[in-house]
Every structure is written in structure tokens, then in C-alpha cells.
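Here the structure is laid out as C-alpha cells; the discussion comes afterwards.
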Amino acid sequence: MRIAVLYDPGADDWAPAEIRSVLNAVEEIGAIFAGMGHEIRKVPVRHDMRWFPVARRADLVFNLCEGVHGQSEWEEHVVAVLEFSGIPVTGCGVWTLAACRRKAVANALLAHAGLPIPRWTLAQGEIDESFPLPAIVKPAAEDASAGLDRGSIVTDRRALRTRVAAMTEQFEEVLVQAYVAGREFAVGFVGNRALPISEIDFSRMPEGAWPILTYAGKWEPGSPDDLGSVPVCPAGIPQKLADKLAKLAEAAWRVMQGKGYGRVDLRLDEQGRAWILDVNPNPDLNDDAGLSRMARAAGWDYAELVRRIAEVALREAQGEKAALELLAPSRRPRATRTA
């Protein structure tokens, strides 16, 4: 089969860890399929559309593109072009990507479905004096912990106004949401299958730091925030609680029409109530990232996770036969090419 691996080659302001994260996944996934005998093209996505003819000739596009030139708002446009052209593509569809990236839209849809969402508002003008504090202030249309740091949690009205003013200078829309104190969990999905639950252990965070996953915690290896936010998978929780969290995550995944692969983040407050924080379509697919960690807890190695994601896409687009061909025993390895 001809498989095109699409990716964003990045922007000038990307941190070295972000660039490594993208290229590592591209190389590893390309090597997995090349080892199975498939023809691989690694294709950087830019606005010039030179990537599209290569994608159009592929039997499958493995989509690692989370934006164009570092701009996340273009992510769904790439998928829209592929879907419109009838090209089988891994991951979530354009509707899910677009709705989930816009956190206010996702929150409204999830709340309308009766799911528990912490109170939130878009920072447009004065924020109601009754809005509960502490609150977290974050970009309304970004992912990968962009815009999150130790100052993201505010505890009084003055700090709230100051933080909102600072954030609106950097981002078009800003979301203010009630902060939920408690344990943080994640449920991963491949297709409709829920993977073992993961928890972030914040017990080693620096003194005085709020237990949240900041940009530094995600993209600056060895930083205090990175060392203080340790993933544990499977989470050490009773089965009854695991079932409760999985059921809630599955409901959120259905509401957002999740397919391919994704992750739902939740918090359990001090009263034992579970709250949905985010639905994350197409999360980081590196072997050291959260979804791969969950897959290992399910008994899959990294190659099996990648194959299953491809299988879901091919089964939906072309049926069982194409999916079985992808998963057939290895033939001779094929060389990879970069467009």
C-alpha cells in the first residue's frame, strides 16, 4: 500500500522539544509501515498545497498534521481537503477537530448533552461577579497546553482582570473556567475502544505551584513543571471509579463524534464528582506520549497502536478487506521517501 505521513514542519517560534516531537513520530510511524512492506512518503504540509498530489495518490494518509506553519486553526482545513477528496485518513473528522479546538463550542455541546462541565465563560467584556473562583484562564482555541503557565489560575477579581487582559493581547479568544481541585485523569480511545485510564501525579510540583499541566510541563523536559507532573498508567483507582470515569469519557467522545483516536481529560473533585475538562482529538502520537502509554497498559506495543489507528481509518473508508491487508504479515521492507 502507498501510505503518506502528513506533518507540520513547524514555525520559527517552535520550541526544540516541539520539533523533535513531530519528527520523531513521523520517523517512527514511517518505519513501522515500511517494515510491513508498504511504500511510505513523509510529506510536510505547507500552504503551497504541494503536499496534496502526493496525498491524493496514497491508499491511506496517516495524518500527524496539527496545523500549518504552527497555526492550529489550519488543522481542520487539511482534513477537510482530504475528506472532500475521498482520501482515507487517520484520526478524527473535520467536524470533531473544528468543534473540539473551539473550547466554548465543545463545552456548550457537552453541557447540552447533560454532561458535567465546570462553569465557563468567554472573556468578552466584564465577567459576572458571581463567577466562581479560583478560575483558570486559557486560550479558547488552542491545544497542547498553549498559554498555560503558573499564572493561569487566579484567586481574586483583580488577578482575573489582569490575567484576562494579558491573555487577550496574545490570543483572539480567552476562556475563563471554574478551577476544579482534585485528581486529574485521562481516558484514551482508538475507534470506540476505551484504553486503560491514566492519572497525572502532581505531588512533586514545586511548592506553591498549582497542580495543572502547563506548557513547560509538556514541552520543556527536565523543567520543574515537567518533573512535577508524572503520568501514572494504569491509574491506581478502584474498578468502580474506573468504570464511572470511562462511562463519562465515552459519552463525551460520542457527543463530539470522536473516531480514529483521541483522549478525554477529566477531574475528580473533593466530593467525588467527575468533571469533563477537554475532549482532545488526534493527541500526541509519540511513543512516550499519553496515548501510547495507555496502549501499553492495554497490552499493545507502539507498532500495534499505530496499526490499529490505521485499521480504523481503512475499515471506515474501504471496508474490512483493506484493513486486513494493512495488518497482513510483513513482506520485504520498503524504503521511505520525503516529499
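The values are calculated or read from the model by the stated rules, or taken from the named source; none is laboratory data. Not measured: the values here are computed from a predicted model. Cβ coordinates were reconstructed from backbone atoms using ideal geometry, including for glycine residues, and neighbour counts include every protein chain displayed. Each accessible area value is taken on the protein alone, full model and side chains, heavy atoms only, with ligands, DNA and RNA left out. Shrake-Rupley method; radii C 1.70, N 1.55, O 1.52, S 1.80 Å.
At-a-glance table
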quantity: Scan of the range 105-118 for residues that are in contact (Cβ under 8 Å) with a residue 12 or more places away in the chain and surrounded by 15 or more Cβ atoms within 10 Å (Cβ to Cβ), ordered by number; calculated: 106, 107, 109, 110, 115, 116, 117, 118
quantity: Qualifying residue in the range 213-220 (condition: assigned to a loop (DSSP other than H, G, I, E, B), open to solvent by 40 Å² or more (accessible area, probe 1.4 Å), of a type outside the set (Phe, Trp, Tyr) and farther than 24 Å from residue 151 by Cβ); calculated: no
quantity: Positions within the range 203-259 being closer than 25 Å to residue 109 by Cβ, out of contact with any strand residue (DSSP E or B) (no Cβ under 7 Å at 6 or more places or on another chain), basic (Lys, Arg) and free of Cβ contacts under 8 Å to residues at least 60 places away in the same chain, in sequence order; calculated: 247, 254
quantity: Number of positions in the range 8-23 that are more than 17 Å from residue 46 (Cα to Cα) and open to solvent by 80 Å² or more (accessible area, probe 1.4 Å); calculated: 2
quantity: Matching residues, the range 57-74, being surrounded by fewer than 16 Cβ atoms within 10 Å (Cβ to Cβ) and part of a helix (DSSP H, G or I); calculated: 73
quantity: Some residue of the range 236-259 being under 18 Å from the mean Cα position of the chain (by Cα) and modelled with pLDDT under 95; calculated: yes
quantity: Out of 137, 164, 190, 180, sole residue that is over 27 Å from residue 222 (Cβ atoms) and within 20 Å of the chain's Cα centre (by Cα); calculated: 190
quantity: Selected residue [within 25 Å of residue 314 (Cβ to Cβ), touching a Gly at 6+ places or on another chain (Cβ under 6 Å) and aliphatic (A, V, I, L, M)] from 19, 29, 40; calculated: 40
quantity: Residue count, the range 259-276 (criterion: farther than 26 Å from residue 83 by Cβ and either in contact with a helix residue (DSSP H, G or I) (Cβ under 8 Å, 6 or more places away or on another chain) or among the β-branched types (Val, Ile, Thr) (or both)); calculated: 4
quantity: Residue in the range 93-102 that is part of a loop (DSSP other than H, G, I, E, B) and closer than 17 Å to residue 281 by Cα present; calculated: yes
quantity: Subset tally (residues that are open to solvent by 30 Å² or more (accessible area, probe 1.4 Å), in contact (Cβ under 8 Å) with a residue 60 or more places away in the chain and more than 21 Å from residue 92 (Cα to Cα)) for the range 179-202; calculated: 4
quantity: Members of the range 233-255 found to be outside any loop (DSSP other than H, G, I, E, B) and surrounded by 15 or more Cβ atoms within 10 Å (Cβ to Cβ), listed by number; calculated: 241, 242, 244, 245, 246, 248, 249, 250, 251, 252, 253, 255
quantity: Neighbours by Cβ (under 7 Å, 6+ apart or cross-chain): first from the range 14-33, within 16 Å of residue 310 (Cβ to Cβ); second among the charged types (D, E, K, R); calculated: 26/42; 28/287; 30/42
quantity: Subset of the range 273-307 (residues that are open to solvent by 20 Å² or more (accessible area, probe 1.4 Å), part of a helix (DSSP H, G or I) and under 18 Å from residue 249 (Cβ atoms)); calculated: 290, 293, 297
quantity: Top-ranked residue in the range 143-155 [being modelled with pLDDT under 95 and out of contact with any Lys or Arg (no Cβ under 8 Å at 6 or more places or on another chain); ranked as nearest to residue 255 (Cα to Cα)]; calculated: 146
quantity: Where residue 159 falls short, out of the listed (1) part of a loop (DSSP other than H, G, I, E, B); (2) without any contact (Cβ under 8 Å) to a residue 40 or more places away in the chain; calculated: (1)
